[in-house]
Amino acid sequence: MDARSDRPVSLAAPLVRFESVTKRFGDVVAVDGVSLDIAEGEFFALLGPSGCGKTTLMRLLAGFAVPDEGRILLNGEDIAGLPPHRRPSSMMFQTYALFPHLNVEKNIGFGLKQQGWEKARAAERVEEMLSLVRLQGLNRRKPGELSGGQAQRVALARALAPGPKILLLDEPLAALDRKLREETQLELKAIQRRLGVTFMIVTHDQDEAMVVADRIAVMKDGQIAQVGPPREVYERPASRYVAEFLGEANLFPDGSGWRLVRPEKMTLSATPVAGATAGEVAQIAYFGDRTRYVVRAGAGRPLLVSRANLGPPLPLAVGDSAWVSYAPDAAVALGS
């Protein structure tokens, strides 16, 4: 997860405002009274499981669906009556949707041609986009001759070429392998910073949202469960749902609510420790930079401990006794 400081976001005059927006499909309420502001120049993430309403919310902003209730404002203007091609937004689809019969430069320039850009100006813009996504020299290749990462960059360049006020990204990295996906996350963030364009990404990948976003909206059942900077949402989740969805969590009953302790804030010992909880090691998983331990302690949920591999490994094996503890200030109070 990204350890950077969260960038301050000004919402005094938001670029995008959802006002009590609801969208139904028959008896299913896909988006349920959502109110949300997105700042100009912000990288904003909609995060949640399949069916939570995040893609529908993005499609409402793009103009591919119409709200049943509420308003969507862009720069203070209600955009309900504008078709997708007249909105100052571009959308990058999960499948990339490149035209297989067009080469790279014609794919990138397609939207410019549709908008009537003068030929020389459009060609200059295409070259600018090729440089931005580091695809110089591939102008004449067809999509079938590109790697997955190259195709993703062409789709990004095509979406950015017309100069939208907001770029909408629908699970744009889902088709990439893990290493390339992680590299591309950082590249997306750098491009967004360089251009200053507002980006809104839909993803179910918690790590991806934490890496790229200035703020995250966690969605559940068509509603916003919590909005905030990555560090705030991760370290101070507003509910058990957010705590469990955004990373791993140890939850302890506390009256009518819960206490949350993240696994990396738990301490594990192979020898008895005063005040620690005794248990038995059930699983050990090595991840290179860290080791994850699952410790059974009584009839409750197993305890999760994440330990950075900064020194010698603990002398523990599956089946061994272990002692788990945490500092009082590591616990965060939660609602239900």
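The values are calculated or read from the model by the stated rules, or taken from the named source; none is laboratory data. Since we're looking at a predicted model, the values are computed, not measured. Positions of Cβ are backbone-derived with ideal geometry, glycine not excepted, and every protein chain shown enters the neighbour counts.
Can you spot a residue in the range 87-98 that is assigned by TED's automatic domain parsing to the domain that holds GLU183, farther than 30 Å from GLU183 by Cβ and under 27 Å from the mean Cα position of the chain (by Cα)? Taking every residue of the range 87-98 in turn, at least one turns out to be assigned by TED's automatic domain parsing to the domain that holds GLU183, farther than 30 Å from GLU183 by Cβ and under 27 Å from the mean Cα position of the chain (by Cα). Candidates ARG134, ARG153: the one that is closer than 18 Å to LEU195 by Cβ and buried (at least 20 other Cβ atoms within 10 Å of the Cβ) is ARG153.
Residues that are at pLDDT below 95: list the strands (runs of 3 or more DSSP E) wholly contained in the range 28-110 that include at least 2 such residues. Give the steps one after another, and end with the answer.
Working: elements: 28-38, 43-47, 69-74, 89-92.
Strands (runs of 3 or more DSSP E) meeting the threshold: 89-92.
The listed residues are GLU124, GLU69, GLU118, and the only one of them that is loosely packed, with under 14 Cβ neighbours inside 10 Å and closer than 22 Å to ARG194 by Cβ turns out to be GLU124. Here ASP329 clears all of (1) in a strand (DSSP E or B); (2) under 29 Å from the mean Cα position of the chain (by Cα); (3) within 14 Å of VAL261 (Cα to Cα) except the condition numbered (1). Inside the range 139-160, residues that are free of Cβ contacts under 8 Å to residues at least 40 places away in the same chain and either over 20 Å from LEU188 (Cα atoms) or in contact with a strand residue (DSSP E or B) (Cβ under 8 Å, 6 or more places away or on another chain) (or both) make up a count of 4. Listed by position, the helices (runs of 4 or more DSSP H) enclosed by the range 140-216 that each have at least 1 residues that are within 15 Å of the chain's Cα centre (by Cα) are 178-195, 206-212. Put simply, of PRO315, PRO263 the only residue that is in contact with an Asp or Glu (Cβ under 6 Å, 6 or more places away or on another chain) and on the phi < 0 side of the Ramachandran plot is PRO263.
Regarding the range 225-242, can at least one residue be identified that is out of contact with any Leu (no Cβ under 8 Å at 6 or more places or on another chain), in a strand (DSSP E or B) and among the aliphatic types (A, V, I, L, M)? Yes, some residue in the range 225-242 is out of contact with any Leu (no Cβ under 8 Å at 6 or more places or on another chain), in a strand (DSSP E or B) and among the aliphatic types (A, V, I, L, M).
Across the range 290-301, which residue is surrounded by the fewest Cβ atoms within 10 Å (Cβ to Cβ) among those that are in contact with a strand residue (DSSP E or B) (Cβ under 8 Å, 6 or more places away or on another chain) and at pLDDT below 95? Out of the qualifying residues, it is GLY298.
Taking the criterion of being without any contact (Cβ under 8 Å) to a residue 40 or more places away in the chain and in a strand (DSSP E or B), the residues of the range 256-291 that qualify are ALA282, GLN283, ILE284, ALA285, TYR286, ARG290, THR291.
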